[in-house]
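The values are calculated or read from the model by the stated rules, or taken from the named source; none is laboratory data. Given the structure is predicted, the values throughout are model-derived calculations rather than measurements. Cβ coordinates were reconstructed from backbone atoms using ideal geometry, including for glycine residues, and neighbour counts include every protein chain displayed. Note: accessible area is taken over every heavy atom of the protein model, side chains too, but ligands, DNA and RNA are not part of it. Shrake-Rupley method; radii C 1.70, N 1.55, O 1.52, S 1.80 Å.
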Amino acid sequence: MTTVARLVLGGVLIVAGGLKIGNPADSVVAVKAYQLLPDSIAITVGYALPILEIVVGLLLVVGLLTRVAGVIAGLLMFAFVFGIAWAWANGLRIDCGCFGGGGQLGAGQEPTYLLDIVRDFGLMLLGAWAVSFPPGRFALDGALGIEGGARDDEEDQ
């Protein structure tokens, strides 16, 4: 189960970051649309977020520093859930920007807040799983003897 959690969460982060990294200005627009951060911080977050998502995703996929990457990924997902809930509660009509794009929705477009929150909450749970259990199969942590290493009973997880 830990291997699946790592690969799903890591894969989602890599895809999300990869879709944003080619156009960081859109990522900045998406972060600003939440109206949670001052512009100077929102700009920094907008530019840094795709890089962070890709790095953390790669660490999870290869199983290196799995628990650290799991904590960071879980915190990212919590921040995304909080941000989307904030936008919804404050009547903002925005695209979450989770997989590129983002910002104000156009006429006739409806937000998908509930679906986005459920998805990100599930991903947050995968991050918690990766933190709570050994890194699983095919993890560099196990091969390198990092963070508890591989155990025979990991196959059951």
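Computed quantities for the displayed model
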item: Accessible-area composition of the chain, carbon plus sulfur, in percent [1.4 Å probe]; result: 70
item: Helix-derived mean residue ellipticity, 222 nm - over the chain, DSSP H n ≥ 4, -39500 (n - 2.57), to 500; result: -22000 deg cm²/dmol
item: Label-point separation in nm, Leu52 to Leu144, each point 7 Å along Cα→Cβ; result: 2.2
item: Accessible-area ranking of Tyr47, Tyr113, largest first, probe 1.4 Å; result: Tyr47, Tyr113
item: Residues of the chain: accessible area per residue with a 1.4 Å probe, Å²; result: 51
